[in-house]
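The structure appears below as structure tokens.
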Amino acid sequence: MNTMILRKSVLGIAGLAFAGGLAAGPLHHATTDTVDARPVAAVQAVQADKTAGVDAGKLIPHGVQGAQSRIDLDPEQTANVKAVIAATKKAGLDERAAVISIGTALQESKLENLGHLGDRNDHDSLGLFQQRPSSGWGSPEQITDPEYATTAFLKGLRQVDGWQDMPLTDAAQTVQVSAYPDAYAQWEQQAADLVTQHWNNS
């Protein structure tokens, strides 16, 4: 299927207007530490021990792709993680959807609720997911509400056939249409760790 047709159908069904790209690429390149990914089986065993009730097998079903990045989160970023998880639960979706959402937000904003960026990026990219009012994601006030922004992202994700079985970067890219389609992959391990840590208390 033609990629543009697929993108337009995804956005059309989700009720979003496609206007020259929905979200911009990464804000920062040099502010993260890249670490080697641990074996998925070992990570899942640790996660299963740490948090009862989180299905570790759903968090990273395909294993991480490539070197992984990790950042330290401040209280505001941690609050945004919890807001994403709460919105995911409210939408009736599982831990994998939360991993995809948090991984996407790590790439787009480092989990910071971005205001107007001006010349530093697409002028009207806002919020955790760098969603754009001009592309139909919502008003600036809506997009900078973490619950609304997550719900809008998940609405797009639901329209991606087979998103549950896709690598994170493919699912995220289908919704975001970023200029950096492979960049989401580097955040999958940290996103899974955050979901493990906060799923049962968000």
task = Kindly indicate whether any position in the stretch 101-112 is surrounded by 20 or more Cβ atoms within 10 Å (Cβ to Cβ), among the aliphatic types (A, V, I, L, M), part of a helix (DSSP H, G or I) and touching a residue at least 60 places away in the same chain (Cβ under 8 Å).
result = yes
Flagged in the stretch 57-76 as open to solvent by 10 Å² or more (accessible area, probe 1.4 Å) and modelled with pLDDT of 95 or more, in numbering order, are R70, I71, D72, L73, D74, P75, E76
So, first residue over 15 Å from G103 (Cβ atoms) in the stretch 145-157, second residue surrounded by fewer than 19 Cβ atoms within 10 Å (Cβ to Cβ) and not small (G, A, S), Cβ within less than 8 Å, six or more apart or across chains; the pairs are E147/K90; Y148/Q142; T151/K90; A152/Q142
Counting only residues that are surrounded by fewer than 22 Cβ atoms within 10 Å (Cβ to Cβ) and in a helix (DSSP H, G or I), the stretch 139-158 contains a total of 8
Selection over the stretch 86-100 where residues are under 16 Å from L168 (Cα atoms) and part of a helix (DSSP H, G or I) yields a count of 7
Given the criteria part of a helix (DSSP H, G or I) and touching a Lys or Arg at 6+ places or on another chain (Cβ under 8 Å), does Q173 qualify? no
Checked against (1) touching a strand residue (DSSP E or B) at 6+ places or on another chain (Cβ under 7 Å); (2) without any contact (Cβ under 8 Å) to a residue 40 or more places away in the chain, W137 satisfies every condition except (2)
Please verify whether Q186 is of a type outside the set (A, V, I, L, M), assigned to a helix (DSSP H, G or I) and modelled with pLDDT of 95 or more, treating the condition exactly as stated. yes
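The values are calculated or read from the model by the stated rules, or taken from the named source; none is laboratory data. Small disclaimer: the values here were computed from a predicted structure and weren't measured. Here Cβ is always computed from backbone atoms with ideal geometry, including for glycine, and neighbour counts include all displayed protein chains. These accessible areas exclude ligands, DNA and RNA; they are computed on the full protein's heavy atoms, side chains included. Shrake-Rupley method; radii C 1.70, N 1.55, O 1.52, S 1.80 Å.
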